[in-house]
Structure formats: C-alpha cells, structure tokens
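*Asks:* Quick one: structure below, then a few questions.
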Amino acid sequence: MAISRPRSRAIPLLPLLLLILLAPLIYSVSRMRLSWAPEQLPHPDSRKLPDALVLGPAAGQGRTDRLQCQGLKAVNKISLASEGKYSGELVSFVTVFTAYNSDPAGAGKMSSDVVTVGKHSYSKVERSMAILNTFISFIQVSMPTSKVIILTDPKSKLSINQGRATIFPIDGNYSRGNLMLQRIKSYIAFLELKFEKLDQVNSFSNYIFTDSDMVVVEDLGYIFKRYPHCHLALTFRNNKGQPLNSGFVAVRGTSDGISKAIEFFKKVLEAYNLKYMKASRMLGDQLALAWVVKSHLPSAFGKFSSPEIFTGEVNGASVLFLPCAVYNWTPPEGAGQFHGMPLDVKVVHFKGSRKRLMLEAWDFYNLTSELSDMLCLILKSGRTKYDF
Ligand SMILES: *[C@@H]1O[C@H](CO)[C@@H](O)[C@H](O)[C@H]1NC(C)=O
Ligand SMILES: *[C@@H]1O[C@H](CO)[C@@H](O)[C@H](O)[C@H]1NC(C)=O
C-alpha cells in the first residue's frame, strides 16, 4: 500500500492508515477514480490544493477563433443552448457509474472528507453523485430532448432523481481493478440489447458513451446529421502515447451502426485482455483503443497532430475522428502550451483534479443562465488543480 511513500513527520501514521482504510467507497468510471484509489491517495501536500474557485488570466485573448472574455463576460460568443439550433437527431448519453455501498457506518462522513461547494457540503460519496447529477443537468440544458442512461452494477443502490436519466443495470464485475474492462463489457451488453430491440421500438436514438465528468455545452446531434455515413465517432488529440480519449464514443443508432460498434468494442476488449491487462487501470482502455485503430488504420496516426475532423475505416466501421480540442476539451496540464478555448467548443472534460470546477461552473450557470459566460469562468480556472 501507499505506506512506502516518504512520510511527512507532521502526519502521524495512524490517521494516515485510517484514511487509507476508510478510503472512498464510491467510484465513478470518470477520471476521478485516479485520485480516489486508496493506493493513490494524494500526497499530504496536495491537501493544500484550493478549496474555492481560483481565477487566472484567460488564455487565447486577441485570437479571433478563441473565446474572448472581459472579466467573466464572453464578448464574442453568443448564447448557446438558447439559440435552439436543434439538429433533429435524437441522442442518448450512456455512462457507466457504480457505487460501493459496503461503506462502514459513518466513513463517508469523516470531517476531513467533506468539501463545500457553494451552499452544499459533500462527502466523497455525495461528491461523486453530484458530478453525475451535474453531468445530467447540463445535458438537460444543452440537449433537452436527450436522455441519460446510467449503466450500473445491479447490486449498487443508485438513486437518481433527474427527469430524463434512467438507471440501466448490467451484470458484471464492477470492482475497482476491473472497472475499465467492465465498462467496455457493459457498453457491448447494452448495445446488444439495443440491437435485439431495434425492430420492436418505434423510437430511434443515437448513442454517445461518455465519462460523467463532462459538460456538454452544445447540441451534438448534428455530427450524426452532417456525417451520415459514419458508424462511430472517436475523439483524438496530439498526444503520442494516448492519442484517443476513451471518454467519448459516439455510435449511430441504426442496425449497421450498432452492429459495427459492437464489433469495434469487442476488438478493443480483446486488445485490452491480450495486451494491456498490466497497464495502469486508468490507461488500459485508451491504449487498447489506440491499438485497434492503429492496427486497422495506421494512417490516422499521421493526422492526430492537426485538429481537423477526418474519417477512416476501422475493421469495417466508418469512423469519424473528432478533435478533442472541440469535442473533449480540457486545458493542457502542467507546462503544456495553452492557446485558449476554441469558440466552437462543444464538450468540456473535467479531468483529474477539476471536479470542483465542474460543480462551481454549474452553480455559476444556475445563477446567470449564461453558458458562454460560464465558459469564461472555466477558461480562467481550468488550469488550477483543485481539492477534488
Ligand atoms: C473482479 O475483478 C477483480 C479485479 O480483477 C478480481 O480481483 C475479483 O476476483 C473479481 N471478482 C469476481 C467475483 O470475479
Ligand atoms: C437553478 O437551480 C434551481 C434549483 O435546482 C432550478 O430550479 C433552476 O431551474 C436552475 N436554474 C437554471 C438556469 O438552470
């Protein structure tokens, strides 16, 4: 366990051990699992990470293709959701989320565990639920006709009281060490069920499989409309080791789209099982995804350096490659160059220690009803690593 780490003399062993033993018992597939895994407890120093909103300068000012902000006012982006640019394509969002309810009484209520965002205090368990609920709330704003489907362990007792979200139990092994593998299995099981029912239902939907620490700010339905021949969409970035992010996979809801997606996920599962079981559990699925694309479409790797949409065939599926810069935007970590936020950003991903910012962003939106101003808040704050 983490005890081999150099210890600060200021932190006595017993509380540290307690902390490790009582570590979080709820666990989302989103990147928050990294900081919540017991063996990856933050270094004692990281407890000093900000517990309130921090605003820095807005990157990309002076560039016409980037969001321009005066204070927290967006000056070159007109309001988003209220424009009503509805594509007419129905999209359901699908996310895997699970709760571990074996929580010994009170563990979630340890005072050191509680954080406050605005008027609300959250234990770790509640925080993770708040992220999921915020994910759903934003979809209700940006894509009000969309449903959210939460794939979860039948044993977990999730309760969601949000109109358009439904819980969809799928059997499997959702334990931490198995979660990324299970996520792909749950996607496949879900798509197989949808495939069987295609003839029986008269409502049609496309699917976007995402992490839950994401905020959708614009209608994504139009990707299905504008690229009618694509079965699948993936998001890419200029990152040699992990060029594809597993947090966003779109699937056309036709029988062709669903069956190609099932085949695709099966290939990813196979690659994961064969090659990446030993990889850090956060990376295995991304490495497997990249491996499958590379083995069928090596030319794609020459295109990841430029954030332009392209298409290609992967194992018989027509795949749309979407730049993370627009469809899965996260400010660069650490020393990475930062040129601001593209004006046409559609999805913001609150990776790593940015979950607080996701909740703060919702509070801000709730007060102002201005998504574009909220993007200024995210732009100015997105490079800060927060306390959760
Ligand atoms: C679930 O997966 C974990 C991690 O791979 C493994 O240790 C555990 O034995 C599995 N549980 C079951 C019931 O198969
Ligand atoms: C803000 O939150 C309240 C309470 O949850 C809700 O009724 C209201 O519609 C929200 N406002 C916006 C703009 O989302």
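*Asks:* Residue check, L359 against (1) away from ligand 2 (no atom under 16 Å from the Cβ); (2) at pLDDT 95 or above, all met but one. Which one?
*Replies:* So L359 meets the others, but not (1).
*Asks:* Report, ordered by the first and then the second residue, all pairs with beta carbons closer than 8 Å, sequence separation of six or more or different chains, a first member in the range 368-383 that is within 11 Å of A59 (Cβ to Cβ) and away from ligand 2 (no atom under 12 Å from the Cβ), and a second member that is in a helix (DSSP H, G or I) and among the aliphatic types (A, V, I, L, M).
*Replies:* Within 8 Å, the pairs are G382/L357.
*Asks:* Can A130 be described as over 16 Å from the mean Cα position of the chain (by Cα), within 16 Å of ligand 2 (Cβ to nearest atom) and surrounded by 16 or more Cβ atoms within 10 Å (Cβ to Cβ)?
*Replies:* Against the criterion (over 16 Å from the mean Cα position of the chain (by Cα), within 16 Å of ligand 2 (Cβ to nearest atom) and surrounded by 16 or more Cβ atoms within 10 Å (Cβ to Cβ)), A130 does not qualify.
*Asks:* Right, here's the next one. Tell me which strands (runs of 3 or more DSSP E) are completely within the range 158-250 and hold 3 or more residues being not hydrophobic (A, V, I, L, M, F, W, C), or say none if there are none.
*Replies:* Result: 206-210.
*Asks:* Now for a different question. If a residue has to be farther than 21 Å from R63 by Cβ and surrounded by 22 or more Cβ atoms within 10 Å (Cβ to Cβ) to count, how many in the range 344-359 make the cut?
*Replies:* Of the residues in the range 344-359, 8 are farther than 21 Å from R63 by Cβ and surrounded by 22 or more Cβ atoms within 10 Å (Cβ to Cβ).
*Asks:* Anything in the range 166-187 that is closer than 18 Å to L287 by Cα and either of a type in the set (F, W, Y) or within 16 Å of ligand 2 (Cβ to nearest atom) (or both)? List them, or say none.
*Replies:* Y187
*Asks:* So, one more: Pick from I258, I223: which is under 19 Å from K194 (Cα atoms) and aliphatic (A, V, I, L, M)?
*Replies:* Of I258, I223, the one residue that is under 19 Å from K194 (Cα atoms) and aliphatic (A, V, I, L, M) is I258.
*Asks:* Scan (1) modelled with pLDDT of 90 or more; (2) farther than 20 Å from D344 by Cα; (3) of a type in the set (D, E, K, R) for the single condition R66 breaks and write down its number.
*Replies:* Here R66 clears every test but (2).
*Asks:* Moving on. Just to check your reading of the model, which residue among V326, V314 is buried (at least 17 other Cβ atoms within 10 Å of the Cβ), modelled with pLDDT of 95 or more and in contact with a Pro (Cβ under 6 Å, 6 or more places away or on another chain)?
*Replies:* V326
*Asks:* Another one. Would you pick out the residues in the range 146-202 that are within 16 Å of ligand 1 (Cβ to nearest atom) and of a type in the set (S, T, N, Q)?
*Replies:* T152, S156, N173, S175, N178, Q182, S186
*Asks:* Using the structure shown, decide if S128 is in a loop (DSSP other than H, G, I, E, B) and more than 16 Å from ligand 1 (Cβ to nearest atom).
*Replies:* no
*Asks:* Sticking with this one: Quick one: in the range 263-285, of everything that is touching a strand residue (DSSP E or B) at 6+ places or on another chain (Cβ under 9 Å) and under 16 Å from V319 (Cβ atoms), which residue is surrounded by the fewest Cβ atoms within 10 Å (Cβ to Cβ)?
*Replies:* Here the residue is E263.
*Asks:* Exactly one of these conditions fails for F135: (1) among the aromatic types (F, W, Y); (2) within 16 Å of ligand 2 (Cβ to nearest atom); (3) surrounded by fewer than 20 Cβ atoms within 10 Å (Cβ to Cβ). Give me its number.
*Replies:* Here F135 clears every test but (3).
The values are calculated or read from the model by the stated rules, or taken from the named source; none is laboratory data. Note that the structure is a prediction, hence the values are computed from the model and not measured. Please note: Cβ atoms are built from the backbone with ideal geometry, for glycine as well, and neighbour counts cover all protein chains shown.
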